[in-house]
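Beneath this line is the structure, given in C-alpha cells, with notes to follow.
Every number in this text was worked out from the coordinates using simple rules, so none of it is lab data. Everything numeric here is computed off the predicted structure, so don't read it as measured data. For neighbour counting, all protein chains shown are included, and Cβ atoms are generated from backbone atoms with ideal geometry for every residue, glycine included.
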C-alpha cells in the first residue's frame, strides 16, 4: 500500500477536494486529494508550527516534505518569503503547484527524496516530518539539514510527544548548538534548531 511519503501513490484513486482552514486569523482554501498527508484539512501540528513562526520579509525558505503546500504558501503570502517546496510525492507536488497558482504566489517546486535534489542555502528549513517513514529516515533529514542552511540559519519542525518528540530533540542536540521550543500544546512540540549562534 502506498503512503504519502512515497513517490507515486498509484494504488490510491485520485479524488480532489477543496478544504478550508484558518491560520493566524486568515482563512485559506486549498485543493487536497487522497494519497497526501492530512488530506481532510490542516493538521493541528502544522497550524501550531505556522502560528509560532515569524519570518523577516524576503527570507529564503525550504518547505521540506511540503505535501499540498500549506506551510510554504502561507509563509509566501503572510511573510513574503522566497519559498522552495519539495516532496517525493508527485501528487502532492502537483497539488502544491495548483495551490500556489490559486493563491497567486510564485514558489518553486522540486521533486526530491529528502535533500537529494536540493541546491543552495536557506534562512529557514521548515518541516512537519514524515514520522511514519521511521526514525532512521527523519534523523537523516535532521543531519543533512545543516548543510543547506545559511550561517545563523534555522531548522524548524513540529512533532508529537507520543511520536518521539523528546528523543528527536535529543538527536537534534547532537547536530545543532541551540535548540529552542517555540511552542508546546496538546502534546505537540515545535522545535527551532539554530545552526550557528549570532555573535
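Mean separation of Cα pairs under 8 Å and 6+ residues apart, divided by the residue count of the range 13-103: what relative contact order is that in percent? Relative contact order here is 25 percent. Mean sequence separation of contacting Cα pairs (under 8 Å, at least six apart), scaled by the length of the range 17-194, corresponds to a relative contact order of 18 percent.
Principal axis extents of the C-alpha atoms in the range 87-135 (largest first, rounded to whole Å): 36, 25, 17. Between 165, 100, 76, which gets the highest mean-square fluctuation from a Gaussian network model of the chain, Cα cutoff 10 Å? Sorting by GNM fluctuation, first place goes to 165. Extending 7 Å from the Cα toward the beta-carbon at both residue 167 and residue 82 defines two label points whose distance is 3.9 nm.
Taking other Cβ atoms within 10 Å as a rough exposure proxy, 23, 54, 190, 74 sort from fewest to most as 54, 23, 190, 74. Each label was represented as a point 7 Å from its Cα along the Cα-to-Cβ direction; for residue 111 and residue 52 these points are 3.4 nm apart. In this rough spin-label picture, where each label sits 7 Å from Cα along the Cβ direction, the residue 140-residue 180 distance is 3.1 nm. For residue 101, put the label point 7 Å out on the Cα→Cβ axis and report which residues of the range 79-94 keep their amide N under 14 Å from it. Residues passing the 14 Å test: 93-94.
Over the range 17-194, the ratio between the Cα radius of gyration and 2.2 N^0.38 Å evaluates to 0.94.
The long axis of helix 135-145 is offset from the longest Cα principal axis of the chain by roughly 70 degrees.
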